[in-house]
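Following: one structure in structure tokens, then a few remarks.
The values are calculated or read from the model by the stated rules, or taken from the named source; none is laboratory data. Everything numeric here is computed off the predicted structure, so don't read it as measured data. Neighbour counts run over all protein chains shown; Cβ positions are idealised from the backbone, glycine included. In case anyone asks, the SASA skips ligands and DNA or RNA and just uses the protein heavy atoms, side chains included. Shrake-Rupley method; radii C 1.70, N 1.55, O 1.52, S 1.80 Å.
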Amino acid sequence: MTELPVDVAFIDDDAVLRAANVQALMLAGLTVAGYGSAMEALEVIDADFPGVVVTDVRMPRIDGLELFRRLKARDADLPVILITGHGDIAMAVDAMREGAYDFLAKPYASERLVASIRHALDRRRLVLENRELKRAVATTQDDLPLLGTSAVMARLRQMLRQIADADVDVLVEGETGSGKEVVATALHRWSRRAARPLVAVNCGALPETVIESELFGYEAGAFTGALKKRVGRIEHAHGGTLFLDEIEAMSPALQVKLLRVLEAREIAPLGTNETRRVDIRVVAASKVDLPALVRQGSFREDLYYRLHVAAVRIPALRERRGDVPLLFGHFLARAAERFNRPPPELDAGVLRHLAEHDWPGNVRELVHYAERVALGLVEPEQPSAPAEAGGGKGTLPERVDAFEAQEIRAALEASKGDVQATVAALGIPRKTFYDKLRRHGIDQAAYRAERAPGR
């Protein structure tokens with residue numbers, strides 16, 4: 001794969017025409033890589049290529065049509081634009097039936113090519129974003145996905161996409177179990193650094209005597225036991241992203257050294273006065289109120305503001321209760337599959353716990369609760385207890401839907417049918433609320449305050 005992502009891979013065996021087209025596209029504000037043959041292009045373009053392929057049809061050995069078919073086999077969604085002579089138009093039309101994005105007959109206006117590329121880039125970015133979201137949903141139990149239909153989660157995902165390629169250091173704030181490492185992973189995957197390492201360091205898990213050598217590395221003989229050179233985590237993250245979790249646990253002395261790394265982008269391993277340049281993006285995470293630590297004098301103010309260039313706050317699960325049914329349904333289905341068991345019936349006790357619990361451990365706690373439910377380790381509701389919606393038979397989606405309908409009805413009851421109060425309590429957008437009313441057949445008017453005396 002190419003080291004730096006480009007918008008366009010332009011393939012033409014005619015060096016003069018290739019150079020002219022590359023220059024025209026660059027003048028239009030696009031980043032372009034030119035290749036003199038299909039073989040050169042095939043060496044660098046894979047299924048994660050972020051841009052558009054533009055290729056001439058008439059080329060020796062492997063022509064543009066064969067190149068298109070090989071690229072299609074690697075990634076059916078990769079946009080390929082064919083440049084054709086008049087005699088090749090029929091072939092180009094056939095290629096479009098096979099999935100080619102567009103074709104341009106020579107001679108063509110550069111504006112026409114630029115417009116086609118920009119439209120193809122928009123589609124390519126959407127495809128890659130959707131893939132990332134699907135990968136997030138399919139991650140393991142410790143890599144909690146950024147699922148949720150609530151307004152706060154929609155804003156969070158939008159913000160992450162906006163800053164992912166900005167290449168600025170980011171401070172991620174959130175409670176334990178809210179998904180800070182997932183946010184760091186998303187920022188890395190959606191950035192231009194995705195092909196380079198994402199290096200994670202938990203500052204609270206490493207002893208103070210070890211963390212400096214872990215971060216900065218050391219030369220052979222730097223201290224007793226240093227028998228050979230060790231590359232530190234910062235240097236290992238060169239070209240990629242360094243994720244510093246629990247940054248609040250870092251000692252004051254180490255904070256000074258980290259500040260220098262952030263300002264100068266260079267390190268000096270233990271045992272040498274030599275400085276080495278590093279190209280890194282730092283994502284730091286904290287589960288505590290850093291400004292409070294700054295006021296107490298236990299965290300450097302200049303380091304805090306250096307990290308606070310872009311700040312991301314992950315909402316606690318109790319702030320987006322409307323996402324609990326979706327998350328629980330996803331985690332329960334995944335746990336049942338993992339343990340090779342059928343999804344269990346949800347009794348009233350489980351539903352009540354989902355609705356009333358504050359989830360201090362956030363999404364991680366919800367994952368573990370879903371696993372206990374899947375394993376049958378949660379005490380069932382006593383038989384004498386009244387049945388709740390969703391506690392009967394049915395598929396897992398049907399039971400989760402029933403629970404969701406119950407939560408909406410309870411919120412409407414509590415707010416006496418007030419829409420603004422209800423959507424605030426559920427933590428979902430107004431449009432989503434109305435969609436769910438229609439889907440569940442709930443009559444909002446039945447809960448309005450003026451109807452109460454007639455009940």
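Looking at 71, 25, which is the one that is open to solvent by less than 10 Å² (accessible area, probe 1.4 Å), assigned to a helix (DSSP H, G or I) and in contact (Cβ under 8 Å) with a residue 60 or more places away in the chain?
Testing whether each residue is open to solvent by less than 10 Å² (accessible area, probe 1.4 Å), assigned to a helix (DSSP H, G or I) and in contact (Cβ under 8 Å) with a residue 60 or more places away in the chain leaves just 25.
Is it the case that some residue within region 35-46 is at pLDDT below 95, more than 24 Å from residue 192 (Cα to Cα) and charged (D, E, K, R)?
no
Tell me whether region 43-65 contains one or more residues that are more than 29 Å from the chain's Cα centre (by Cα), acidic (Asp, Glu), part of a helix (DSSP H, G or I) and within 18 Å of residue 103 (Cα to Cα). Write out each step before concluding.
First pass over region 43-65, keeping only residues more than 29 Å from the chain's Cα centre (by Cα): 55-65.
Okay, now just the ones that are also acidic (Asp, Glu), so 56, 63.
Right, trim to part of a helix (DSSP H, G or I) and you get none.
No, the conditions are met nowhere in region 43-65.
Which pairs do you get when a residue that is aromatic (Phe, Trp, Tyr), found in region 312-336, comes within reach of a residue that is outside any helix (DSSP H, G or I) and crowded, with 21+ Cβ neighbours inside 10 Å, reach meaning Cβ atoms under 8 angstrom, with the pair 6+ apart or on two chains?
Correct list of pairs: empty, since none qualify.
Looking only at region 145-159, filter to residues that are out of contact with any Asp or Glu (no Cβ under 9 Å at 6 or more places or on another chain) and outside any loop (DSSP other than H, G, I, E, B); which one of those is surrounded by the most Cβ atoms within 10 Å (Cβ to Cβ)? Break it down stepwise before answering.
Within region 145-159, the subset out of contact with any Asp or Glu (no Cβ under 9 Å at 6 or more places or on another chain) is 145-146, 151, 154-159.
From the residues that got through so far, the ones that are outside any loop (DSSP other than H, G, I, E, B) too are 151, 154-159.
Values: 151: 19, 154: 14, 155: 11, 156: 22, 157: 18, 158: 9, 159: 15.
Of everything passing the filter in region 145-159, 156 is surrounded by the most Cβ atoms within 10 Å (Cβ to Cβ).
Could you please let me know if residue 263 is in contact (Cβ under 8 Å) with a residue 40 or more places away in the chain, assigned to a helix (DSSP H, G or I) and either out of contact with any Ser or Thr (no Cβ under 9 Å at 6 or more places or on another chain) or over 30 Å from residue 377 (Cα atoms) (or both)? It would help to see each step written out before you state the result.
On the way: in contact (Cβ under 8 Å) with a residue 40 or more places away in the chain: yes; assigned to a helix (DSSP H, G or I): yes; either out of contact with any Ser or Thr (no Cβ under 9 Å at 6 or more places or on another chain) or over 30 Å from residue 377 (Cα atoms) (or both): yes.
Judged against the criteria, residue 263 is a match.
If I filter region 160-170 for residues that are surrounded by fewer than 15 Cβ atoms within 10 Å (Cβ to Cβ), modelled with pLDDT of 80 or more, at positive phi and touching a strand residue (DSSP E or B) at 6+ places or on another chain (Cβ under 8 Å), do I get at least one hit?
Yes, some residue in region 160-170 is surrounded by fewer than 15 Cβ atoms within 10 Å (Cβ to Cβ), modelled with pLDDT of 80 or more, at positive phi and touching a strand residue (DSSP E or B) at 6+ places or on another chain (Cβ under 8 Å).
Among the residues that make up region 299-312, is at least one of them in contact with a Ser or Thr (Cβ under 6 Å, 6 or more places away or on another chain), part of a loop (DSSP other than H, G, I, E, B) and at pLDDT below 95?
Here is the first cut: in region 299-312, the residues in contact with a Ser or Thr (Cβ under 6 Å, 6 or more places away or on another chain) are none.
No, every residue in region 299-312 fails to be in contact with a Ser or Thr (Cβ under 6 Å, 6 or more places away or on another chain), part of a loop (DSSP other than H, G, I, E, B) and at pLDDT below 95.
Looking only at region 320-360, which residues are surrounded by fewer than 18 Cβ atoms within 10 Å (Cβ to Cβ), of a type in the set (Asp, Glu) and more than 18 Å from residue 374 (Cβ to Cβ)?
Selection gives 356, 358.
Count, please, the residues in region 396-435 that happen to be among the hydrophobic types (A, V, I, L, M, F, W, C), out of contact with any helix residue (DSSP H, G or I) (no Cβ under 6 Å at 6 or more places or on another chain) and more than 15 Å from residue 323 (Cα to Cα).
Final tally of qualifying residues: 3.
Give all pairs with beta carbons closer than 9 Å in which a residue from region 368-380 that is small (Gly, Ala, Ser) meets a residue that is open to solvent by 80 Å² or more (accessible area, probe 1.4 Å) and in a loop (DSSP other than H, G, I, E, B); count only pairs at least 6 apart in sequence or on separate chains.
What qualifies is 374/341; 376/341.
Taking the conditions exactly as written (outside any loop (DSSP other than H, G, I, E, B) and touching a strand residue (DSSP E or B) at 6+ places or on another chain (Cβ under 8 Å)), does residue 185 satisfy them or not? Give the steps one after another, and end with the answer.
Values: outside any loop (DSSP other than H, G, I, E, B): yes; touching a strand residue (DSSP E or B) at 6+ places or on another chain (Cβ under 8 Å): yes.
Spelling it out, residue 185 is indeed outside any loop (DSSP other than H, G, I, E, B) and touching a strand residue (DSSP E or B) at 6+ places or on another chain (Cβ under 8 Å).
Can you list the helices (runs of 4 or more DSSP H) found entirely within region 353-455 that contain at least 3 residues being modelled with pLDDT under 85? Reasoning before the result, please.
Details: elements: 362-374, 396-415, 419-426, 430-440.
Passing ranges, in order: 396-415, 419-426, 430-440.
Out of the residues in region 266-297 meeting the condition of being basic (Lys, Arg) and surrounded by 12 or more Cβ atoms within 10 Å (Cβ to Cβ), tell me which one is farthest from the chain's Cα centre (by Cα).
Within region 266-297, the match that is farthest from the chain's Cα centre (by Cα) is 276.
Tell me, please, whether a residue that is more than 26 Å from residue 126 (Cβ to Cβ) and either without any contact (Cβ under 8 Å) to a residue 12 or more places away in the chain or in contact with a strand residue (DSSP E or B) (Cβ under 6 Å, 6 or more places away or on another chain) (or both) can be found in region 40-55. Give the derivation first.
Just the residues of region 40-55 that are more than 26 Å from residue 126 (Cβ to Cβ), to begin with: 40, 43.
The next check asks that each one be either without any contact (Cβ under 8 Å) to a residue 12 or more places away in the chain or in contact with a strand residue (DSSP E or B) (Cβ under 6 Å, 6 or more places away or on another chain) (or both); those that pass are 43.
Checked against the condition, which is being more than 26 Å from residue 126 (Cβ to Cβ) and either without any contact (Cβ under 8 Å) to a residue 12 or more places away in the chain or in contact with a strand residue (DSSP E or B) (Cβ under 6 Å, 6 or more places away or on another chain) (or both), region 40-55 yields at least one hit.
Confirm whether residue 222 is open to solvent by less than 20 Å² (accessible area, probe 1.4 Å), outside any strand (DSSP E or B) and modelled with pLDDT under 85. Can you show your working first?
Numbers: open to solvent by less than 20 Å² (accessible area, probe 1.4 Å): no; outside any strand (DSSP E or B): yes; modelled with pLDDT under 85: yes.
Answer is no for this residue.
With at pLDDT 85 or above, assigned to a helix (DSSP H, G or I), at negative phi and open to solvent by 70 Å² or more (accessible area, probe 1.4 Å) as the only criterion, which of 122, 94 stands out? Spell out how you get there, then give the answer.
Working: 94 fails: at pLDDT 85 or above.
Sole residue among the options that is at pLDDT 85 or above, assigned to a helix (DSSP H, G or I), at negative phi and open to solvent by 70 Å² or more (accessible area, probe 1.4 Å): 122.
Does any residue in region 287-298 that is under 16 Å from residue 313 (Cα atoms) come within less than 8 Å, Cβ to Cβ, of a residue that is open to solvent by 60 Å² or more (accessible area, probe 1.4 Å) and of a type in the set (S, T, N, Q) six or more places away or on a different chain, and which pairs are these?
287/176
Considering region 75-94 alone, what residues qualify as being touching a residue at least 24 places away in the same chain (Cβ under 8 Å) and over 34 Å from the mean Cα position of the chain (by Cα)? Please lay out each step first, then the result.
Taking region 75-94 as the starting set, the residues that turn out to be touching a residue at least 24 places away in the same chain (Cβ under 8 Å) are 75, 77-85, 88, 91-92.
If the condition is that a residue be touching a residue at least 24 places away in the same chain (Cβ under 8 Å) and over 34 Å from the mean Cα position of the chain (by Cα), then 83, 84, 85, 88, 91, 92 are the ones that fit.
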